[in-house]
Amino acid sequence: MNMMKARLCLCVVVALSGCAPAPDNSAELAALQAQVAELQARDAIRELFAAYGRTLDSRDFAGFGALYARDSEYVGGGASGTAHGPQEIAALLERLITTNATGANLHTYANEKIEVSGNTATAISRGAFYVQDTAGAPEPLMFATYKDDFVREDGLWKFKRREVVGDIPGPSNEDANGVALPDIAGNWLIHSQVGADGPKIQVHCTLLQDHSVLSGSCTPEMANPEASELKGGLTTSTARWGYDVVFNGNAGRVDFVATSLAADALAGTLMLSGMQAVFTAERE
């Protein structure tokens, strides 16, 4: 009898367990599907980055225009202006590319950061544009930051808005980010000696400073001195400037690198037509 009860209980347990509902994994499945969709969107957007350069480099301006949504906007910055819609954007880039890039050229991109939200996305990336110089060698023409908005239109990811911000040529990183810089503007008397047995050199330099950009002139202490126009730049710890000069009838070049920037004193090294020396300077 006990054996029969045990068998009956086992049958009941098996029957009940067979009727138990399956665990609800719908939330996990939905999260996984969302993750896969985001990864697919990121991959499609990276393909847009690559296609942007590929179509321009192959002069496929119709294919380039097809990368943009119907109500898209392209902001080139500077004199290149703004264009709207695929056809107008393609026409703008055709004019820019065929005007500025003779021979072979190449677009590259890197350092992308993509954020996806449903059927829209944003991104920021860096890019470079290379052309050929007169000898046929690659020459960088421009480095830029791309600021993008995307939309999924007719099942395809497309550019909604692309803004191209020139980095090089462009303002220094310090100027672009509002970094405070040392104030070295003014008149300086520079002392140096090239070679252990060489003559002592004194140069009067007037440094003009516009944020990180240096300009002005330098005049050596010598017979019949002539001022030379200088150009240079400044970071938080280093100042560089240089100029072309004619000394005793010979063309030369002087470049200064100041790595000690005090309020009333500078110090560093200079290169005079390939010869290096240390220098110090005080305000006049």
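Couple of notes before you dig in:
- Positive contributions from Lys and Arg (+1) and negative ones from Asp and Glu (-1), summed over other residues with Cβ under 15 Å from the Cβ of residue 273, come out at -1.
- Surrounding net charge for residue 212, when Lys and Arg each add one and Asp and Glu each subtract one, Cβ distance under 10 Å: -3
- Rounded to whole Å, the principal axis extents of the Cα atoms in segment 86-222 read 76, 40, 28, largest first.
- Taken about its Cα centre, segment 186-283 carries a charge dipole of roughly 140 debye when the Cβ of each Lys and Arg holds +1 and the Cβ of each Asp and Glu holds -1.
- Selection from 40, 64, 137 lying farthest towards where the dipole of the chain points positive, charges on Cβ: 40
- Rounded to whole Å, the principal axis extents of the Cα atoms in segment 193-284 read 36, 26, 25, largest first.
- Computed over the alpha-carbon pairs of segment 187-239, the distance histogram in 10 Å steps reads 23, 44, 27, 5 percent, short to long.
- The chain - mean residue ellipticity at 222 nm from DSSP helices (-39,500 (n - 2.57) per run, n ≥ 4, rounded to 500): -8500 deg cm²/dmol
- Gaussian network model of the chain, springs between alpha carbon atoms under 10 Å - residue of 91, 30, 223 with greatest fluctuation: 223
- Here the spin labels are modelled as points 7 Å beyond Cα on the Cα-Cβ line, and at residue 62 and residue 191 they lie 7.4 nm apart.
- Environment charge at residue 174 (Cβ cut-off 14 Å; Lys +1, Arg +1, Asp -1, Glu -1): -3
- Kirkwood-based Rg to Rh ratio, the chain, C-alpha trace: 1.32
- Charged side chains reduced to their Cβ positions (Lys and Arg at +1, Asp and Glu at -1) give the chain a dipole of some 1240 debye around its Cα centre.
- Set of aspartates and glutamates near residue 147 by C-alpha distance (under 14 Å), chain-local residues within fewer than 8 positions excluded: 73, 112, 115, 163, 167
Just so you know, all these numbers are worked out from the coordinates, no wet-lab data involved. Bear in mind that the values here come from a model prediction, so they are computed numbers and not experimental data. For neighbour counting, all protein chains shown are included, and Cβ atoms are generated from backbone atoms with ideal geometry for every residue, glycine included.
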